[in-house]
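Let me begin by presenting the structure, written as structure tokens, before commenting on it.
The values are calculated or read from the model by the stated rules, or taken from the named source; none is laboratory data. Just so it is clear, the model here is predicted, and its values are computed rather than measured. Cβ atoms come from the backbone with ideal geometry, glycine included; neighbour counts cover every protein chain shown. Only protein heavy atoms, including side chains, enter the accessible area calculation; ligands, DNA and RNA are left aside. Shrake-Rupley method; radii C 1.70, N 1.55, O 1.52, S 1.80 Å.
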Amino acid sequence: MKQQPGPFHDFEHAGWENVAEEYDRRFGELTAQSIGPLLDAVGAAAGVQLLDVACGPGYLAAAASRRSSAVVGVDFSSAMVAQATRMHPGLDFRLGNAEKLDLPGHSFDAVVMNFGMLHLARPESAVAEAFRVLRPGGRYAFTVWDVPERAVGFGIILQSIQMHGSMEVGLPTGPPFFRFSDPEESKRTLTAAGFVNAQTLQVPQVWRIESGEDLLTTFRTAAVRTAALLNHQTPAALKRIREEVIARAEKFRRGNAIDLPMPAVLASALRPAT
Ligand SMILES: C[S@@+](CC[C@H](N)C(=O)[O-])C[C@H]1O[C@@H](n2cnc3c(N)ncnc32)[C@H](O)[C@@H]1O
């Protein structure tokens, strides 16, 4: 599929083509924790036509379908679309770019994006596209990770890199990862696109992992930007980062498991009725 040009977009696209199965195995239980609040925010119910943008393995689309909404899932990674189709046969998953949707205007009652925004080269374009494909009176909602001080899994990894490695490893420049973790920035962006009643809430989530090693492996094998950041460290730096991650993660051990707080920020808004 021809993607919009741009080094960051292409970097993200190539990355997501390679991690679909591992993402499902390692992140699925975590990102699924936001699905209920997202579906509630857009009023997903019987008869609602819902678009799941950056759908990944299709968890949210499947949950909306269980609420009897009519769903379409769109993702720019063919590996993710294949994964979603394998996991949820019978649902409508398509290749597509969040920033330029190949869908007619005014065709959905609800548009959602679970942890997609922070991977986009042009997030404003995705918000504008959500507005365009929504019917007047339709609802939009997205989630992003809370700041690393509160989304502890990110905090542990990023602080360990800052202490023992380098944040400058020559990756294509993308928008700030935690831009939309700021509720005011999310509301401002939604309002600038024409949405009204923009609001945010924090979704408390807990990530159960086995060990710090498990956390590091997850970020190295099932993510894109953070994976590249880790995998571009020198072997010596990576060794020190690993030890730091393990020590920091142990502080959250509860018996056999480690429970990391990983809250999300959920932003939602309404396309005005007229
Ligand atoms: C962190 S995963 C989230 C997947 C799923 N929504 C979930 O909640 O687990 C990010 C997803 O965004 C997709 N993605 C990133 N940029 C995209 C774009 N420009 N258009 C469509 N999908 C995109 C990736 O392929 C990946 O499946």
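Structure data summary
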item	result
Residue, farthest from V74 (Cα to Cα), within the stretch 23-41, restricted to residues that are of a type in the set (A, V, I, L, M) and open to solvent by 10 Å² or more (accessible area, probe 1.4 Å)	A41
Flag if H119 is under 23 Å from T226 (Cβ atoms), within 13 Å of the ligand (Cβ to nearest atom) and crowded, with 16+ Cβ neighbours inside 10 Å	yes
Residue within the stretch 70-86 that is part of a loop (DSSP other than H, G, I, E, B) and either closer than 23 Å to P37 by Cα or of a type in the set (K, R) (or both) present	no
Scope the stretch 40-57; condition part of a helix (DSSP H, G or I) and within 12 Å of the ligand (Cβ to nearest atom); matching residues	none
Residue ID - nearest to G165 (Cα to Cα), chosen from residues in the stretch 233-264 that are among the aliphatic types (A, V, I, L, M) and part of a helix (DSSP H, G or I)	A237
Members of the stretch 58-92 found to be more than 15 Å from the ligand (Cβ to nearest atom) and in contact with a Leu (Cβ under 6 Å, 6 or more places away or on another chain), listed by number	S69
Test result for L60, touching a residue at least 12 places away in the same chain (Cβ under 8 Å), assigned to a helix (DSSP H, G or I), touching a Ser or Thr at 6+ places or on another chain (Cβ under 9 Å) and among the aliphatic types (A, V, I, L, M)	yes
From the options D102, D109, D75, D52, residue that is on the phi < 0 side of the Ramachandran plot, under 16 Å from the mean Cα position of the chain (by Cα), open to solvent by 10 Å² or more (accessible area, probe 1.4 Å) and at pLDDT 95 or above	D75
L30 being aliphatic (A, V, I, L, M), more than 10 Å from the ligand (Cβ to nearest atom) and modelled with pLDDT of 95 or more	no
Flag if V169 is in contact with a strand residue (DSSP E or B) (Cβ under 7 Å, 6 or more places away or on another chain), open to solvent by 10 Å² or more (accessible area, probe 1.4 Å), in contact (Cβ under 8 Å) with a residue 12 or more places away in the chain and among the β-branched types (V, I, T)	no
Where G90 falls short, out of the listed (1) farther than 27 Å from R179 by Cα; (2) part of a helix (DSSP H, G or I)	(2)
